[in-house]
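Take a look at the structure set out below.
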Amino acid sequence: MITVESVSKSFSGNPAVDHISFQAHDQEILVLLGTSGCGKTTTLKMINRLIEADSGQILIDGKNIRDQKPEELRMGIGFVMQHSGLFPHYTIRQNIAVVPELLRWDRKKTENRTEELLDKLHLSEEVLSRFPNELSGGQQQRVGIARALIANTSVLLMDEPFGALDNITKADIHSEFKSLEELKNKTIILVTHDVQEAFELGHRICLMDKGKIIQTGTPKEMLYHPENDFVSDFFAENRLLLEYKIATLRDVGGFVNSDHLLNEFKFTESTNVWEALQALSSDYKNTDHYENLIRAFNEYRKLQIV
């Protein structure tokens, strides 16, 4: 869906992005991960031509983005920016309707689509007449996502979309984000510096440093098959928690009676071990299940890190 080929960008002679290449596949969430200044946001903005690349090429559906006018290109790309990026002098209704107005939708179509998204994003209709500063941070971010989704584009770019939220609100929105059916049909590139967010939301991760991509892979590949010490060290602080979050009941099924867990509790094979342990720990009656699952995870883990 999105192909970046040997793309570079410099500012005042200093390279911000240095000959990077990657692909974001259809219906995939690809995360650009790294510390501040590594080039991830510059890379994202080059995809919708908010910043023009100095060299290389970017293709969407096989078409070079330079063959389109920037404003036409952006009409086909949803964009969620940091701190929601809502216009403070517009009501929420007006903020959500910005793209439909540019696309010249009739009023009824815009209203129907807005109502649909409010329901999916757990927002009440009463927010439509309010202004951004009258909403909580979580509500503002949901509105920002609604504005990016309203035109139902196949591509969605997200620049640190949850960075300003507190941990509890962030956890809630992450859960909603993962379960939102509409997002499963899109190709999404998400920029973050949050390692846990990258592992929770991304199908694959591009780890960046000093304008270069150091490694691209699934969360499991990043942890268990790092290409160098930089990759290992980057994830070292949170490593055990990350391993709990990427291991699923399917993964550990050979070491525990997972059928019993699936039948007795509301788990599926794709439930990660961390989620299952959190649920089991809330009830002392499940102590044996909790301990068995930890043992199973440890046995599974031994095989991965050999």
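Here is a list of conditions, (1) outside any helix (DSSP H, G or I); (2) modelled with pLDDT of 90 or more; (3) of a type outside the set (Val, Ile, Thr), and Gln82 meets all of them except one; can you say which number that is?
The failed condition is (2).
Take region 5-59 and flag every residue that is free of Cβ contacts under 8 Å to residues at least 60 places away in the same chain, closer than 28 Å to Leu180 by Cβ and assigned to a loop (DSSP other than H, G, I, E, B).
Of everything in region 5-59, those that are free of Cβ contacts under 8 Å to residues at least 60 places away in the same chain, closer than 28 Å to Leu180 by Cβ and assigned to a loop (DSSP other than H, G, I, E, B) turn out to be Arg49, Leu50.
Show me the helices (runs of 4 or more DSSP H) found entirely inside region 204-306 where at least 3 residues are surrounded by 12 or more Cβ atoms within 10 Å (Cβ to Cβ) and modelled with pLDDT of 90 or more. Steps first, please.
Numbers: elements: 219-224, 229-236, 239-246, 258-264, 273-281, 287-304.
In region 204-306, 219-224, 229-236, 239-246, 273-281, 287-304 are the helices (runs of 4 or more DSSP H) which contain 3 or more residues that are surrounded by 12 or more Cβ atoms within 10 Å (Cβ to Cβ) and modelled with pLDDT of 90 or more.
Got a number for residues in region 25-67 being loosely packed, with under 15 Cβ neighbours inside 10 Å and of a type in the set (D, E, K, R)?
7
Are any residues in region 124-156 in a loop (DSSP other than H, G, I, E, B), surrounded by 21 or more Cβ atoms within 10 Å (Cβ to Cβ) and not hydrophobic (A, V, I, L, M, F, W, C), and if so, which ones?
First, pick out the residues of region 124-156 that are in a loop (DSSP other than H, G, I, E, B): 124, 130-131, 135-136, 150-154.
Okay, now just the ones that are also surrounded by 21 or more Cβ atoms within 10 Å (Cβ to Cβ), so 150.
None - no residue of region 124-156 is in a loop (DSSP other than H, G, I, E, B), surrounded by 21 or more Cβ atoms within 10 Å (Cβ to Cβ) and not hydrophobic (A, V, I, L, M, F, W, C), so the list stays empty.
Counting just the residues of region 157-182 that are part of a helix (DSSP H, G or I) and among the hydrophobic types (A, V, I, L, M, F, W, C), which one comes out surrounded by the fewest Cβ atoms within 10 Å (Cβ to Cβ)?
Let us first name the residues in region 157-182 that are part of a helix (DSSP H, G or I), namely 167-179, 181-182.
Still in the running and among the hydrophobic types (A, V, I, L, M, F, W, C): 168, 171, 173, 177.
Values: Ile168: 9, Ala171: 15, Ile173: 20, Phe177: 23.
So the residue we want is Ile168.
Hey, among Pro88, Pro70, Pro100, which residue is under 26 Å from Gln27 (Cβ atoms) and either surrounded by fewer than 14 Cβ atoms within 10 Å (Cβ to Cβ) or touching a strand residue (DSSP E or B) at 6+ places or on another chain (Cβ under 9 Å) (or both)? Don't jump to the end; show me each part of the working.
Details: Pro88 fails: under 26 Å from Gln27 (Cβ atoms); Pro100 fails: either surrounded by fewer than 14 Cβ atoms within 10 Å (Cβ to Cβ) or touching a strand residue (DSSP E or B) at 6+ places or on another chain (Cβ under 9 Å) (or both).
Matching residue, one of Pro88, Pro70, Pro100: Pro70.
If you scan region 216-229, which residues turn out to be touching a strand residue (DSSP E or B) at 6+ places or on another chain (Cβ under 8 Å), under 18 Å from Gln196 (Cβ atoms) and touching a residue at least 12 places away in the same chain (Cβ under 8 Å)?
Listed by number, the residues that qualify are Gly217, Thr218, Pro219, Met222.
Looking at (1) surrounded by 14 or more Cβ atoms within 10 Å (Cβ to Cβ); (2) farther than 18 Å from Met158 by Cα; (3) modelled with pLDDT under 95, which is the only condition Ala16 fails?
Result: Ala16 passes all but (3).
What residue, of Asp229, Asp283, is acidic (Asp, Glu) and under 30 Å from Asp18 (Cβ atoms)? Spell out the reasoning first.
Details: Asp283 fails: under 30 Å from Asp18 (Cβ atoms).
Matching residue, one of Asp229, Asp283: Asp229.
For residues that are out of contact with any helix residue (DSSP H, G or I) (no Cβ under 7 Å at 6 or more places or on another chain) and either of a type in the set (D, E, K, R) or in contact (Cβ under 8 Å) with a residue 40 or more places away in the chain (or both), tally how many sit in region 151-171.
Of region 151-171, the ones out of contact with any helix residue (DSSP H, G or I) (no Cβ under 7 Å at 6 or more places or on another chain) are 152-155, 158, 160, 163, 166-168, 170-171.
Okay, now just the ones that are also either of a type in the set (D, E, K, R) or in contact (Cβ under 8 Å) with a residue 40 or more places away in the chain (or both), so 153-155, 158, 160, 163, 166, 170.
The total comes to 8.
The values are calculated or read from the model by the stated rules, or taken from the named source; none is laboratory data. All values reported here derive from a predicted model rather than from experimental measurement. Methodologically, a virtual Cβ is constructed for each residue, glycine included, from the backbone with ideal geometry; neighbour enumeration extends over all protein chains shown.
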